[in-house]
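The values are calculated or read from the model by the stated rules, or taken from the named source; none is laboratory data. Worth saying up front: this structure is predicted, and the values here are computed from it rather than measured. Reconstructed Cβ throughout: ideal geometry from the backbone, glycine too, with neighbour counts over all protein chains shown. In case anyone asks, the SASA skips ligands and DNA or RNA and just uses the protein heavy atoms, side chains included. Shrake-Rupley method; radii C 1.70, N 1.55, O 1.52, S 1.80 Å.
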Amino acid sequence: LQLGAPAGRLPELQEALSVTGGDADRAEAVLKLLQLQGSADMKTAAQLLAQTGSWSIQAAQRVLNVRQRFPRVSVPVAMQVLRRNDEDPHAACEMLTEYRKRVKRVVSEHADSEDIMPGEEAAIAETALNATDWDPNSSFLAARNLSHAVKSTRKLARTRVQEPFPIDSVLTALTAGDMKPKVALALLLGERAPTKPARPAPRALQMPDQQTRALLAAHPSSPAGEPSDDDYCCVM
């Protein structure tokens, strides 16, 4: 009531207070952002506001504007690109467009007409970007590794079938098969996936996300700090 909410919205306000730890100002920000979004997902709105660092409705709205064009971009990456472009969502989207083209070029560099056919580079690049939340510290390596995995799967498949499997099917099988070409091929053929007995790794060394582990296991160390403008391939 102190926030000016009508009695009919008290349950909504109570939920907003619940997801913000009882902070009235933050609860009010959540409700305002929900009105701007036209969305009823209060928990997601609160998480987005928290990730801005200041619970800023304006900052959250700019992130949402970017994610309208690039829905799989993580909030931290969206905020970094916005900062590099004077908080202009349009300019940030242009930078992300160039960044996507650069990742696609990495795929093209490892493509050939037999195992990665013309026009398939975009799907491979998009899969690599989405697997890494568009993080430039890992997406380029993910694109290279995924390209090699596609080529290996296609080479194995030529010994079993005449027509190549569609790229979307290959990418889906690789994702489901922990990026292992032999497992992916077995899934594509509807066969039992090959297994290799192995001693479980120590618990402290196991990583929970199979897809991220497969794509980024070879990720080299990089200097600390945010990616440079060149990583996003800024439009001059």
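Tabulated values for the structure
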quantity: So residue 107, is it of a type in the set (A, V, I, L, M), in contact (Cβ under 8 Å) with a residue 40 or more places away in the chain, buried (at least 18 other Cβ atoms within 10 Å of the Cβ) and within 17 Å of residue 125 (Cα to Cα); calculated: yes
quantity: Selection within the stretch 146-168 - open to solvent by 40 Å² or more (accessible area, probe 1.4 Å) and assigned to a helix (DSSP H, G or I); calculated: 148, 152, 155, 156, 158, 168
quantity: The listed residue being in a helix (DSSP H, G or I), more than 21 Å from residue 21 (Cα to Cα) and open to solvent by less than 50 Å² (accessible area, probe 1.4 Å), out of 73, 81; calculated: 81
quantity: Identity of the residue in the stretch 17-38, outside any loop (DSSP other than H, G, I, E, B) and at pLDDT below 85, that ends up surrounded by the fewest Cβ atoms within 10 Å (Cβ to Cβ); calculated: 35
quantity: Residue ID - least open to solvent (accessible area, probe 1.4 Å), chosen from residues in the stretch 41-50 that are under 15 Å from residue 21 (Cα atoms) and either assigned to a loop (DSSP other than H, G, I, E, B) or of a type outside the set (A, V, I, L, M, F, W, C) (or both); calculated: 44
quantity: Residue 67 vs. criteria touching an Asp or Glu at 6+ places or on another chain (Cβ under 9 Å) and surrounded by fewer than 21 Cβ atoms within 10 Å (Cβ to Cβ); calculated: no
quantity: Only one of 96, 141, 129 that is surrounded by fewer than 20 Cβ atoms within 10 Å (Cβ to Cβ) and part of a helix (DSSP H, G or I); calculated: 141
